[in-house]
Amino acid sequence: DYGDPYGLIDKLLDGRAIRAVGNTNLSYFAVPRFNRAIDAAQRLTGLARDQAYGRLGIEVARTEAPLAAYAVLNARVFVSARVGCITYQPVYGLDLAGICLG
């Protein structure tokens with residue numbers, strides 16, 4: 001669900017997402033300077049956007065800590081030597097449709 005920074009940062013940490021119904025900011029984190037940083041990151045594209053969201057995530061974790069990580073996925077994929085075209089996406093896992101036999 002969080003393959004893009006928008007799904008994590010914007011949905012969970014934007015103070016403007018706090019509402020009585022349909023609230024996604026479960027920590028009720030509302031810091032205007034971070035809302036402005038989110039707006040700035042949204043205007044970027046490509047690598048610059050990813051880096052801006054990365055810096056924002058690190059800064060929020062270091063200075064405010066509204067969320068806490070509780071698990072880290074450590075997955076392994078074992079396949080035959082004949083299997084090729086392996087693509088592993090960290091959020092969704094092994095791309096089964098892309099596997100080919102060599």
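Read the figures in this text as sums done on the coordinates, not as results from a lab. What you see is a predicted model, and the numbers here were worked out from it, not measured in a lab. Neighbour counts run over all protein chains shown; Cβ positions are idealised from the backbone, glycine included.
Rounding to the nearest 10 and keeping the result within 0 to 90°, find how far the Cα-based axis of helix 46-63 lies from the longest principal axis of the chain.
The angle comes out near 60 degrees.
At a Förster radius of 25 Å, what calculated FRET efficiency corresponds to the Cβ-Cβ distance of I86 and A48, to the nearest 0.05?
Working: r = 29 Å, r/R0 = 1.17.
Efficiency computed from Cβ-Cβ geometry: 0.30.
From the convex hull of the Cα coordinates of the stretch 18-102, what is the mean projected area in square nanometres?
That works out to 8.7 nm².
Taking the Cα centre of the chain as origin and charging only Cβ (+1 Lys, Arg; -1 Asp, Glu), how large is the dipole, in debye to the nearest 20?
The dipole magnitude comes to about 100 debye.
Answer with one residue from V21, P5, G102: the one whose Cα lies farthest towards the positive end of the charge dipole of the chain, charges on Cβ with Lys, Arg +1 and Asp, Glu -1.
The listed residue farthest towards the positive side: P5.
Give me the angle, in degrees from 0 to 90, between the Cα long axis of helix 32-42 and the longest principal axis of the Cα atoms of the chain, rounded to the nearest 10.
40 degrees
Return the ratio Rg/(2.2 N^0.38 Å) for the stretch 5-63, where Rg is computed over Cα atoms only.
With N residues counted in the stretch 5-63, Rg over 2.2 N^0.38 Å equals 1.07.
Using 0.36 nm per residue, how much length does the chain from R33 to T63 gain when fully extended, once their Cα-Cα distance is taken away?
So the chain would gain 9.6 nm between R33 and T63.
Could you work out the relative contact order of the stretch 1-68, using alpha carbon pairs under 8 angstrom and six or more residues apart, expressed as a whole percent?
It comes to 25 percent, rounded to a whole number.
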